[in-house]
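Step one of this worksheet: look at the structure below.
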Ligand SMILES: [Zn+2]
């Protein structure tokens, strides 16, 4: 590829809906880098003294994965979904070679505990000090040229980790006061975490991993009531700190029944929308590409996990054709990347994007 811009520059230009030198790739690599360096999951996620998170090893894994794959944006640490629940007394499982899972959510049995809880101090509480340490090391070593995203759950998604998804949705219908308290606490924590990561060197944007903030879990009404107002608050907070926000709710938003929710999401002030699997990317680009950066593209279940490489390359080429003209497009896998994803398959996504995504595009042949 002809390098006219650094990875960080091209990722910034694309998120701002401009035309970079080549389409950037954000492989949202949550536990995936652990396979690149062959660390066990507990070794990093709770491998320090007294079960602390090992920030040095996390950073080594993230940096090694970026070097190996050459993606333009990475997450500043190995990330798992148990962090907030743990910090409030929940229990997370750390399988040796697997993905950490919340086993007992902090407010699963006694939601009234929420009344006694204060917002987290990420420099002291739970495993977070190690996570911030990882952001600092990664940004110091590669942040001058590579994009480093703050990866944090969206408000309903984060609250789900602390309460349990089914219970939280039940609260929304039966005990809306409890649902609101937990989601408000989650929102306050998200804002605090964003600030600390930016101070730790995150340099590109805030990515709101929002699987439970979309129509896969919520009705449109619940999304409007519990998610979008908090997204607005978070976007305003990030903007004050000088950083744009990418929203990634799960659901089929190019379905006419849900598409109004994309307009409403854009109205919160987000800079990018990552469409999950089964969305119509051509339609997404046509409908919203002039107002928001489109992110996403290569399906994990049907392409990245099974391969072969040629299938991944074909999917990259198709997405580039559908979304890349005029800029404002960033290639991602359909969701986050975890352990046991074949490394050559992720590399194929990065390489194909950099090979075929050079501007001006020549994708008709
Ligand atoms: Zn996802």
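Whole Å is fine, so just give me how far the alpha carbon centre of the range 40-66 lies from that of the range 161-225. Between the Cα centre of the range 40-66 and that of the range 161-225, the gap is 25 Å.
To the nearest 0.05, what FRET efficiency results for residue 166 and residue 9 with a Förster distance of 51 Å applied to their C-beta separation? After rounding, the FRET efficiency stands at 0.70.
Once C-alpha pairs closer than 8 Å and six or more residues apart are averaged by separation and normalised to the residue number of the range 1-74, the relative contact order reads 35 percent.
For the chain, the Kirkwood estimate of hydrodynamic radius, built from reciprocal distances between every pair of different alpha carbons, is 20.3 Å. Grouping the Cα pair distances of the range 302-365 into 5 Å bins from zero gives a pair-distance distribution of 3, 18, 31, 23, 14, 8, 2, 0 percent in increasing distance order. Estimated purely from DSSP H runs of n ≥ 4, each contributing -39500 (n - 2.57), the mean residue ellipticity at 222 nm for the chain is -13000 deg cm²/dmol once divided by its residues.
Helix 128-142 and the longest principal axis of the C-alpha atoms of the chain enclose an angle of approximately 20°.
With both labels modelled 7 Å from their Cα along Cα-to-Cβ, the residue 301 to residue 221 distance reads 2.8 nm.
Computed extension length for residue 118-residue 145: 6.0 nm, one decimal, from 0.36 nm per residue of separation with the Cα-Cα distance subtracted. Evaluated at q = 0.19 Å⁻¹, the base-10 log of the normalised Debye intensity for the range 171-319, with identical point scatterers placed on the Cα atoms, takes the values -1.18. Above 15 Å lies some portion of the pair distances; for the range 27-120, what is it as a whole percent of all C-alpha pairs? Summing the P(r) tail past 15 Å for the range 27-120 gives 61 percent.
Taken as Cα centroids, the range 331-347 and the range 243-265 sit 23 Å apart, rounded to the nearest whole angstrom. Using the alpha-carbon atoms, what tilt in degrees (0 to 90, nearest 10) does helix 309-323 show relative to the longest principal axis of the chain? So the inclination is approximately 90 degrees. In the range 144-208, the ratio of gyration radius to Kirkwood radius, Rg to Rh, stands at 1.13 when only Cα atoms are counted.
Take every Cα pair under 8 Å whose residues are at least 6 apart in sequence, average their separation, divide by the length of the chain, and the relative contact order is 21 percent.
Per residue, the average separation of C-alpha pairs within less than 8 Å and at least 6 apart gives the range 289-358 a relative contact order of 45 percent.
Using DSSP, restrict attention to beta bridges with both residues in the chain and report what percent are antiparallel, rounded to the nearest 5. Once the DSSP bridges in the chain are tallied, antiparallel ones form about 15 percent.
Seen against the Cα atoms of the chain and their longest principal axis, helix 176-199 is set at about 60 degrees. Spacing of the modelled spin labels on residue 52 and residue 173, each 7 Å from Cα toward Cβ, amounts to 4.5 nm. Per residue, the convex hull spanned by the Cα atoms of the range 92-154 measures out at 134 cubic angstrom. Per the Debye calculation on the range 53-180 with a single equal scatterer at every Cα and no solvent contribution, log₁₀ I(q)/I(0) for q = 0.17 Å⁻¹ amounts to -0.91. Peptides 48-60, 126-138 ranked from most to least packed give 126-138, 48-60, packing being the mean of other C-beta atoms within 10 angstrom over each peptide's residues. Here the spin labels are modelled as points 7 Å beyond Cα on the Cα-Cβ line, and at residue 103 and residue 310 they lie 4.6 nm apart.
No lab work stands behind these numbers, since they all come straight from the coordinates. Quantities reported herein were computed from a predicted structural model and do not represent experimental measurements. Every residue, glycine as well, gets a Cβ built from its backbone with ideal geometry; the counts of neighbours run over all protein chains shown.
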